[in-house]
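Below: one structure, written as structure tokens.
The values are calculated or read from the model by the stated rules, or taken from the named source; none is laboratory data. The model shown is predicted, which means the values in this text are computed figures rather than measured ones. FYI the Cβ positions are ideal-geometry reconstructions off the backbone, even for glycines, and counts take in every protein chain you see. With ligands, DNA and RNA removed, areas are computed over all heavy atoms of the protein, side chains included. Shrake-Rupley method; radii C 1.70, N 1.55, O 1.52, S 1.80 Å.
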Protein chains: 2
Amino acid sequence: MNIGQAAQASGVSAKMIRYYESIGLIPKTVRTEAGYRVYSDRDVHTLRFIRRARDLGFSVEQIADLVSLWQDRERASKDVKAIALEHVTVLERKIRELQEMASTLTHLARNCHGDTRPHCPIIEELANDEAGHLHVKPDAKFGALGKAPVR
Amino acid sequence: MNIGQAAQASGVSAKMIRYYESIGLIPKTVRTEAGYRVYSDRDVHTLRFIRRARDLGFSVEQIADLVSLWQDRERASKDVKAIALEHVTVLERKIRELQEMASTLTHLARNCHGDTRPHCPIIEELANDEAGHLHVKPDAKFGALGKAPVR
DNA sequence: ACTTGACCTTCCCATCATTGGAAGGACTAA
DNA sequence: TTAGTCCTTCCAATGATGGGAAGGTCAAGT
């Protein structure tokens, strides 16, 4: 199977497969004489495992751990559980931050007429020198919405 | 006021002030003969406005809009409100995604003994060829947790 | 006057996951 | 043979930010 077919079958783009190989998340594949990468069903299985973990928001670093645990038949389930629960903690913190942002904005928007007049509490709050702070102080983990990498 | 003092007073790092200038979010400042940037209280006020908007998760692009609306005394409040509400929509979608990730993982972890035996539903779910999909399909806006840029 | 140390300048690099594209080789079907 | 699709590697960009180097400037203390 060539990389394109493996990509199709696993849901991981060919670009990302090469990238995962380059960073050592997956081992280097066998090549044809012409240099084409060749994938087995087993490789596709691994790629799907990786894609699902990405869908759950695990970082590549965490996925590397999960993959090796997956392939280790002697592993303790607590090792896997620990990674999962740690990730849940991070997810929940981020959820709280976003909820605070959303509720602050919703509150401000509710008090904004939204008409053609210039008065607007949203702008006024942002410009307010007194307040000095808003409800949310994002930690150094997640940035603005709308641009970050993905999947 | 030099850039360090402006940074202190506004809560925006000197690095970011120079960056914001380079991308045109804030205008080029006056310089001393030696080339030092000089800031007024008004500039600091603008920087604080920007920092608060960042704290609420607005992208630099959105902030550029907000800043120009802020400085336009004739602007209609609906223009500001529209930006805020659009952002709230994005925030809420992201919150939902993260909640689904967290609940899927929590569910799996609850069914994992977390002992020294190898049996682990978390790994099994990730490796499951049948399921083909998990609950969450992140959109192309936000990446894995734990690494993205910020504030 | 000279040194020290804190500040400033610009420039480049790294992050993280991902996409895009260019240039060129390989394969397949007509 | 040729067209078209696939593959290869390499380089660049994304967004917001931090880190650091190399060098200039300033203010205070000796």
Expressed as a percent, the accessible surface of region A:77-127 that is carbon or sulfur, using a 1.4 Å probe and the full set of protein chains, is 53 percent
Counting only DSSP loop positions in region B:1-91, the GluC sites (Glu not before Pro) whose Cβ has at most 11 other Cβ atoms within 10 Å are B:Glu33, B:Glu74
Looks like region A:77-127, by Cα gyration tensor root eigenvalues a ≥ b ≥ c and the a/c under 1.5 rounded cutoff (else prolate when a/b is bigger than b/c, oblate otherwise), is prolate
Rounded to the nearest Å, the spacing of the alpha-carbon centers of region B:1-47 and region B:48-113 is 26 Å
Buried accessible area between A and B, both sides, 1.4 Å probe, in Å² rounded to 100, is 6800 Å²
One decimal, nm, nearest first: from B:Asn128 to the same residue in each other copy, label points 7 Å out along Cα→Cβ, the values are 4.8
Ordered by number, the chymotrypsin sites (Phe, Trp or Tyr not before Pro) in region B:7-55 that occupy a DSSP loop and have at most 16 other Cβ atoms within 10 Å are B:Tyr36
One decimal, nm, nearest first: from B:Asp41 to the same residue in each other copy, label points 7 Å out along Cα→Cβ, the values are 7.6
One decimal, nm, nearest first: from A:Gln5 to the same residue in each other copy, label points 7 Å out along Cα→Cβ, the values are 7.0
Output for region A:1-82: trypsin sites (Lys or Arg not before Pro) sitting in coil per DSSP, at most 11 other Cβ within 10 Å, listed by number, reads A:Lys28, A:Arg73
